[in-house]
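Every number in this text was worked out from the coordinates using simple rules, so none of it is lab data. Everything quoted here is computed from the prediction, not taken from an experiment. Cβ sites come from the backbone with ideal geometry, for glycine too, and all protein chains shown count toward neighbours.
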Amino acid sequence: MYERLFYIAGIILCMVLFGSPAGAQNAPLKLQLAQQFEDNGEWENAQPLYEELFHSDFTSYIYYEGLQHCYVQLKKYTQALAITRRWIMLHPNDVNQRSQLAGLYFDSGNEPAADSLWQSILSVDPGSIGLNRLVANEMMEHRLFDAGIKIYRDAKIKSGNAALFADELGTIYASLQRYSDAALEYVEMLKSTPDNFSFVQSRMSIFLVRPEGLLAAFNVVSAAVQAAPESIVLHRLLAWIYLEQHRSSDAYREYKTIDRLAGANGTEVYNFAQRLLQEHEFRTAASAFREFTISHSSSPFFAQAQFGFARAIEEASRSNDTLAAASGEHIADISDVTEEHPSYAGAIALYRRILISSPSTELAAQSLYRIGCIQFEDFFNLDSAFAAFRRIKQMPRASSLTMDVAFQSGKIELARGDLEQARKYFLELGSFPEITAQEQAAYLLARIDYYAGRFDSALAHLRHFTTALNSDLANNALQLQYFILENKDSAPQALVEFVRADLLIERHKYSEALAGFQSIASRYAQTLLLDNALMKSAELCMQLHRYNEALSTFRFVADSLPSSIMNDRAQFRIGEIQQTVLHNAAAASEAYQKLLAQFPNSLYTEEARKRIRMLRGQVF
């Protein structure tokens, strides 16, 4: 504040020393001072400066505009009207100022004069888009929404163009929460200019976030489609709204219609299936891919659709936790594998069909890679997974998978407990020029040294992330770095045992790992890693479906370790378990409310609030 006062005092001093305040050479300094007062909302101080400037040069729009702004802000409408009329006398063709003059009449309480002036402006050229927009916008500035709407609608009717001013009216209606009217305007725009589809989407998305806006848009667009069933762009708009309503199967129905109307021979359906896959609508994506492969076996996209069907079945299986007990080797017939009955085994069989039908293609390599991922990540069949990744190296057109194969192979060796073999693969990963590969390698090599008890070497790898703080991987690296630094000197033996238990998690030996962490928590209760051991124990209890034990441990961390940096996370996990595992909406809401009350600055507060809002319909 003092700096600004010194700055202003300096300007005034310059004005005094270097000439008359009204002198031409001081005008720039005086204008700068007036503008600074204006920027700070100090209208009383800005007004006399602008008055001196304007009286020294009535032709300067900058001086005129600044003075008019001051008068309006100070509600000195008589003075504002006077200088505006004077400006118009000097510039009779300045229609913008004539419209603003009408606005000043309105603000001063002379509504008849305002309306008369606006109408006189329009009478010059009633069909002028620019004049109608100018007057309507000025009315909106003065919150005369109905009057502005009437200007636009009258001009629309006179022009015979139903799409004229559609965006202006749509924006106004949306701001007034007249969502049906807004949707009607955007439908007219789209019917008139189908190329505006993306623009219409962007405009409508503003009010589709509100449930009442989404429902209004659905009703309007549905009616428009019924009235014009051959309009491809309206079917496309309706499909988009269905997706916004999470009704992907209805959206798929619309795309089948679009494909038929466009004579696209399945292309529209195929592209939509790919979009569904990206948006995690796996069941509907599987249905779309399946129907495409049945109806368009001669399409150039047939093989990609087969792969898309397999990916959708795989992800549908994963998202619904329908892990098959048997591996894919025993599946000979997949006729019963559909979007309604997905299975990992079915996905593997689908991938193998691609391997047989297209053995020397990139899709074959991608299919084998997906088989390896399922065997590793979902079945934990390390030998089958490793064999799949090793085979990929011998396949043509598999170069795009080289980094991924090195990463997965290293993870498999880590899961086997062979740290040195894992290191070799992660060093290979780090040899690629891609930054993401090098960062992954640095983190994984750090974990190898961490598991091997070479903590200084691990820290050396983790220093790579001190300037790369914009990713989950970097956050994980910094957490590991902090954990090692905090415990390697203060509790070296506890850290060694912690690492041993941590490696058991990588090897999926969950019961042994749980026993290890529980032992650490009991024997090293005074160390800094106590809360880490308890959190690991609770997460392992979850993995082993020992939910009450997990809740008890999380509650202990949240309530009995006030110095822990993990107590807010523990409290959030309590809410998650109640919500998603035990399906106790009341208990979940109570847990999230407790998080907000006890840890208001937690990183989990925003998500907790969202979940409370979602649960209220179930609780109250």
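On a C-alpha basis, how far is the centre of segment 483-498 from the centre of segment 395-422 in Å? Whole number, if you could?
30 Å
Post the alpha-carbon centroid distance, segment 273-301 to segment 536-594, in whole angstrom.
40 Å
Is the shape of segment 497-564 rounded, prolate or oblate, going by the alpha carbon gyration tensor and its root eigenvalues a ≥ b ≥ c, with a/c under 1.5 for rounded and a/b larger than b/c for prolate?
oblate
Quote the FRET efficiency, to the nearest 0.05, computed for ALA525 versus SER399 with a Förster distance R0 of 56 Å and r equal to the Cβ-Cβ distance.
According to the calculation, E is roughly 0.60.
Below 8 Å between Cα atoms, with a sequence gap of 6+, how large is the relative contact order for segment 88-138 in percent?
The normalised contact order for segment 88-138 reaches 32 percent.
Please give the Cα centre distance for segment 177-223 versus segment 355-379, rounded to the nearest Å.
43 Å
By average Cβ neighbour count within 10 Å, what is the ranking of 132-140, 374-382, 36-44 from highest down?
132-140, 374-382, 36-44
Among MET395, MET89, rank each residue by its count of other Cβ atoms within 10 Å, from fewest to most, as a rough exposure measure.
MET89, MET395
Could you give the length gained by full extension between ARG86 and GLN35, i.e. 0.36 nm per residue of separation minus their alpha carbon distance, to one decimal place?
Length gained between ARG86 and GLN35: 16.1 nm.
So what is the relative contact order for the chain, in percent, with contacts set as C-alpha pairs under 8 Å and at least six apart?
Relative contact order, the chain: 3 percent.
Of the peptides 359-366, 153-160, how do they stack up when ordered by the mean number of other Cβ atoms within 10 Å, highest first?
Top to bottom by mean Cβ count within 10 Å: 359-366, 153-160.
Starting from the Cα of LYS610, step 7 Å along the direction of its Cβ; do the same at ILE356; then give the gap between the two resulting points in nm.
Roughly 4.4 nm, to one decimal.
Computed FRET efficiency, Cβ-Cβ of ARG260 and ALA387, R0 56 Å: what is it to the nearest 0.05?
Computed FRET efficiency for ARG260 and ALA387 comes out at 0.80.
Taking a ≥ b ≥ c as the square roots of the eigenvalues of the Cα gyration tensor of segment 558-620, is the shape rounded (a/c under 1.5), prolate (a/b larger than b/c) or oblate?
Here segment 558-620 falls in the prolate category.
Might you report the magnitude of the Cβ-based charge dipole of segment 558-620 about its Cα centre, with Lys and Arg at +1 and Asp and Glu at -1, to the nearest 20 debye?
Dipole size: approximately 200 debye.
Relative contact order (percent) for segment 558-620, with alpha-carbon contacts under 8 angstrom and 6 or more residues of separation?
The normalised contact order for segment 558-620 reaches 29 percent.
Taking 0.36 nm per residue of sequence separation and subtracting the Cα-Cα distance, how much length would be gained by fully extending the chain between ARG133 and ALA452, in nm to one decimal?
Extending this stretch completely gives an extra 107.6 nm.
In the chain, with Lys and Arg counted as +1 and Asp and Glu as -1 at Cβ, which of these residues, LEU53, VAL124, ALA494, has the Cα nearest the positive end of the dipole, that is, farthest along it?
Going by the charge dipole, the pick is ALA494.
Rounded to the nearest 500, what is the 222 nm mean residue ellipticity of the chain from helices alone, with -39500 (n - 2.57) per DSSP H run of 4+ residues and division by all residues?
That comes out to -23500 deg cm²/dmol.
At a 10 angstrom cut-off on C-beta neighbours, averaged per residue, how do the peptides 119-127, 64-72 rank from highest to lowest?
Descending packing order for the listed peptides: 64-72, 119-127.
Could you tell me which of rounded, prolate or oblate describes segment 504-619, using a ≥ b ≥ c as the square roots of the eigenvalues of the alpha-carbon gyration tensor, with rounded for a/c under 1.5 and, failing that, prolate when a/b is larger than b/c and oblate otherwise?
Cα axes put segment 504-619 in the oblate bin.
Once the Cβ-Cβ distance between GLN177 and SER471 is put in as r, and R0 is 41 Å, what FRET efficiency do you end up with, to the nearest 0.05?
The pair GLN177/SER471 has a calculated efficiency of 0.55.
Mind checking the angle between helix 282-295 and the chain's longest principal axis? C-alpha axes, 0 to 90 degrees, to the nearest 10.
Once rounded, the angle reads 80 degrees.
Note down the magnitude of the dipole of the chain about its Cα centre, charges +1 on Lys and Arg C-beta and -1 on Asp and Glu C-beta and zero elsewhere, to the nearest 20 debye.
800 debye
Pairing the Cα long axis of helix 530-543 with the longest principal axis of the chain, what angle in degrees results, from 0 to 90 and rounded to the nearest 10?
So the helix axis and the longest Cα principal axis differ by about 80 degrees.
Measure nothing fancy, just the Cα-based angle from helix 179-192's long axis to the longest principal axis of the chain, in degrees from 0 to 90, nearest 10.
90 degrees
Using only the Cα atoms, work out Rg/Rh for the chain, with Rh taken as the Kirkwood radius, to two decimals.
1.10
For a quick check: sort THR84, THR436, THR78 by the number of other beta carbons within 10 angstrom, fewest at the front.
THR78, THR436, THR84
First select every other residue whose beta carbon is under 9 angstrom from the beta carbon of GLY103; then total the charges, Lys and Arg +1, Asp and Glu -1.
Charge balance in the 9 Å sphere: -3.
Could you calculate the contour length gain from GLU279 to ASP115, that is, 0.36 nm times the residue separation minus the distance between their Cα atoms, to one decimal place in nm?
Computed gain between GLU279 and ASP115 is 53.9 nm.
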